[in-house]
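*Asks:* Provided herewith is a single structure, encoded as structure tokens, for subsequent inquiry.
The values are calculated or read from the model by the stated rules, or taken from the named source; none is laboratory data. From a predicted model like this one, the values you see are computed outputs, not experimental measurements. Note: ideal-geometry Cβ built from the backbone for every residue, glycine included; neighbour counts use all protein chains shown. Please note that ligands, DNA and RNA were not included when accessible areas were found on the heavy atoms of the full protein model with its side chains. Shrake-Rupley method; radii C 1.70, N 1.55, O 1.52, S 1.80 Å.
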Amino acid sequence: MNMQQENDYIDLGVLLIDFWKGIKKFWYIFIILMALGIGAMWGYRYVTYVPMYQASASFTVKTIDDMLDNEVNTAYGFFYDKNTADQIEKTFPYILGSGILQKQLCKELGTTYVNGTVTAQVIEDSNLVTLSARSSNQEDAKKILDAVIVVYPQVAEYVLGEIEFEFLNEPELQEAPINRPNVKKDLAMGGLAGVALGI
């Protein structure tokens, strides 16, 4: 029984020494696997990376009723009517994703599909909206944003009535992709994966 226990006993000190000897003897395997990991990660990013471009604009949304309301601050166009502000906040994203708007958008662009996505961020309790269009094609991102600005008031008229956009920031296209890969991080991950495999 004691003999069995001695055979099953593992000396961690000896194990670590043997492990270190193995690393010194086969160090080149770590280098090779590290290089392979870095190369694999670089190749993966090269093959799968698709640059995405974004165009955006910030504006306030005003309805005819709000334009006639003396409580509206005409300098900035913010709503002081909470009910109207809530309506904008709830309906703007919904209308943006509706099938009707998508059809009108395709018609405005002269295409059978929209080569990108459109999102809106509505500031709570206000009519301030930031509208963004993203696409893998730089020119399409700007075209989609411009088309949404034209089409949206037409579609939203059935829900919100006649509306008007008052721009704080004119539609602007970012020249550089918004999803640039972090090369250093990717290569480090590939290298660490190689080392882990070597261990």
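*Asks:* Find the residue count for segment 154-164, including only residues that are open to solvent by 30 Å² or more (accessible area, probe 1.4 Å) and of a type outside the set (D, E, K, R).
*Replies:* Count: 3.
*Asks:* Give the residues of segment 108-148 that are among the β-branched types (Val, Ile, Thr), open to solvent by 40 Å² or more (accessible area, probe 1.4 Å) and closer than 17 Å to Asp86 by Cα, sorted by residue number.
*Replies:* Result: Ile123, Thr130.
*Asks:* Another question, then. Hey, Arg134 hits all of (1) in contact with a strand residue (DSSP E or B) (Cβ under 6 Å, 6 or more places away or on another chain); (2) in a loop (DSSP other than H, G, I, E, B) but one; which does it fall short on?
*Replies:* Unmet for Arg134, out of (1) in contact with a strand residue (DSSP E or B) (Cβ under 6 Å, 6 or more places away or on another chain); (2) in a loop (DSSP other than H, G, I, E, B): (2).
*Asks:* Another question, then. All but one of (1) touching a helix residue (DSSP H, G or I) at 6+ places or on another chain (Cβ under 6 Å); (2) not in a loop (DSSP other than H, G, I, E, B) hold for Phe167; which doesn't?
*Replies:* Every listed condition holds for Phe167 apart from (1).
*Asks:* Within segment 153-164, does at least one residue satisfy the condition of being under 12 Å from Ala57 (Cβ atoms) and of a type in the set (Phe, Trp, Tyr)?
*Replies:* Within segment 153-164 (the criterion being under 12 Å from Ala57 (Cβ atoms) and of a type in the set (Phe, Trp, Tyr)), the answer is no, since none of the residues qualifies.
*Asks:* What do you reckon, is Thr63 over 28 Å from Ile178 (Cβ atoms), modelled with pLDDT under 75 and either touching a Cys at 6+ places or on another chain (Cβ under 7 Å) or open to solvent by less than 30 Å² (accessible area, probe 1.4 Å) (or both)?
*Replies:* yes
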